[in-house]
């Protein structure tokens, strides 16, 4: 695992295409019980090198009902984004995650995680990649059907503050989905 993480952190596959250069962000340990697969690091995370070190991360930890200490313990939680480096800014937010990363690094990482009991698929990129045809037409429909993907996957929208409008329109998410997520995570980590 240590060698694989070192290779990922030194990856330069798409470095020439990244405005800020490559800085792959990943955290994993052979005993990780939960895997978080999100989009790609944002500019703050690129700068600090700490995964989910922004408002989205604060929201995600609140959704999960866990502390920073637990969140950043790779023996409990692995963090494997769809794109390992900050992809840059687009017209309405960050660019999509680079498509080279997941096919190159996900399988070797997941093969070494022997104790995984739950994978959080955060956002449409992760959901479409892992659920393939089981993914619904919209992110909202996929998240609403979260129970269909259990016990392997738990599907979530991105916890970005940009999604506050989505949260306001979909009140069922906080009422129905988040309590289930917290219960499952509490059970896995206790």
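A short reminder: the numbers here are calculations on the coordinates, not readings from a lab. Please read all numbers here as calculations on a predicted model, not as lab measurements. Note: ideal-geometry Cβ built from the backbone for every residue, glycine included; neighbour counts use all protein chains shown.
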The chain: relative contact order as a whole-number percent, Cα under 8 Å and 6+ apart: 26 percent
FRET E, pair residue 17, residue 91, Förster distance 22 Å, beta-carbon r, rounded to 0.05: 0.80
Sequence of 11, 85, 101 once ranked by neighbouring C-beta atoms within 10 Å, starting from the fewest: 11, 101, 85
Intensity falloff of segment 82-190 expressed as log10 I(q)/I(0), Debye formula with alpha-carbon point scatterers, at q = 0.09, 0.12 Å⁻¹: -0.26, -0.48
Residue-averaged 222 nm ellipticity for the chain, from DSSP H runs of 4+ at -39500 (n - 2.57), nearest 500: -9000 deg cm²/dmol
Segment 133-183-segment 24-54 distance, computed between alpha-carbon centres (Å): 20 Å
Antiparallel %, DSSP beta bridges [both residues in the chain], to 5: 20 percent
Rg(Cα)/(2.2 N^0.38 Å) for segment 138-190, N = residue count: 1.15
Intensity falloff of segment 88-131 expressed as log10 I(q)/I(0), Debye formula with alpha-carbon point scatterers, at q = 0.15, 0.24, 0.33 Å⁻¹: -0.50, -1.01, -1.21
